[in-house]
1. Can you grab the distance from the C-alpha centre of the range 1-70 to the C-alpha centre of the range 267-285, Å, no decimals?
2. Which Rg and Dmax, in Å, describe the Cα atoms of the range 106-187?
3. For the range 161-187 and the range 81-143, what is the centre-to-centre distance using only Cα atoms, to the nearest Å?
4. For the range 192-255, count the residues as N, evaluate 2.2 N^0.38 Å, and divide the Cα radius of gyration by that value, please.
5. Report the gain in length on full extension from residue 295 to residue 259: 0.36 nm times residue separation, minus Cα-Cα distance, nm rounded to one decimal.
6. Which residue, 41, 226, 263, has the most motion in a Gaussian network model of the chain that connects Cα atoms within less than 10 Å?
7. Using Cβ contacts closer than 10 Å as the measure, can you line up 67, 214 from fewest to most?
8. So what is the diffusion coefficient of the range 252-312 in µm² per second by Stokes-Einstein at 10 °C and 1.306 mPa s, using a Kirkwood Rh over Cα pairs?
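FYI, it's all coordinate maths here, none of it is from the lab. Bear in mind that the values here come from a model prediction, so they are computed numbers and not experimental data. We place every Cβ from the backbone using ideal geometry, glycine too, and count neighbours over all the protein chains shown.
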């Protein structure tokens, strides 16, 4: 057994997902700690283009498996098992995503690996200690992983995206995939989709209970237009039917990592913070100086949004 790390990247509809680059950062931390190499695998889709983009600093090898266009459970399970047998890594790193949670348990079970899901932090001193969150992110817990090999799924938005062009060795990994499994991918349908994907936005204006009523939405929409931002919200706004589900940020919504996140009238409950704390710059507007959102904000305005927002609109118009 080696001390190498194997990370499995993700793609969807022809585009590498942001979590792929975050997995490289997490995997590099582990590889540096174990003294091994970081191997990154990409399965299906335009593997040649994906491999070039995954060649980031810290990556030693990129393995491509040319099979299918979109995610397929059986293909991923077989490919990852074969890669694991070839590389024999200490750590198998995957995304804590819809796809990751689909195939990761099956792989871990087949390979008899201990599996820790939804990791938000890690420490390594010869043994791995994983930090997880429980009870709606109100409590942090640590899990000590025993054994020579293990598998971990990492939550998106918790690690910076790997940057810089690396000098990885890129190669096709030949594996005999049994496609006669009874399952097949016939198409892709975005569940709960809408007019925009907030997870791809660079500047987000997000609203919470502080806007008081739906009739005040046009004021926020004017700010969104003036700043060329994307509108999002906390869960109460969606639950009230004022905005569609695809606009919700948080543990039960989407994880976003924009350059700027402007939180208006949002108190900063842990469930919401879990979905936006990875933003580069967080700005908060709230009347309550003790609102939890100010604990993570880079800039804060203690004031009435109905006074502050018109001033911002005038400034940016």
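1. Measuring centre to centre over Cα atoms gives 28 Å.
2. Reported Rg and Dmax, both Å: 17.4, 45.
3. Computed from Cα coordinates, the inter-centre distance equals 19 Å.
4. 1.02
5. On the way: separation 36, 0.36 × 36 = 12.96 nm, distance 1.83 nm.
Here the segment from residue 295 to residue 259 would lengthen by 11.1 nm.
6. Highest fluctuation among the options: 226.
7. Least crowded to most crowded, the residues run 214, 67.
8. Approximately 136 µm²/s, per Stokes-Einstein.
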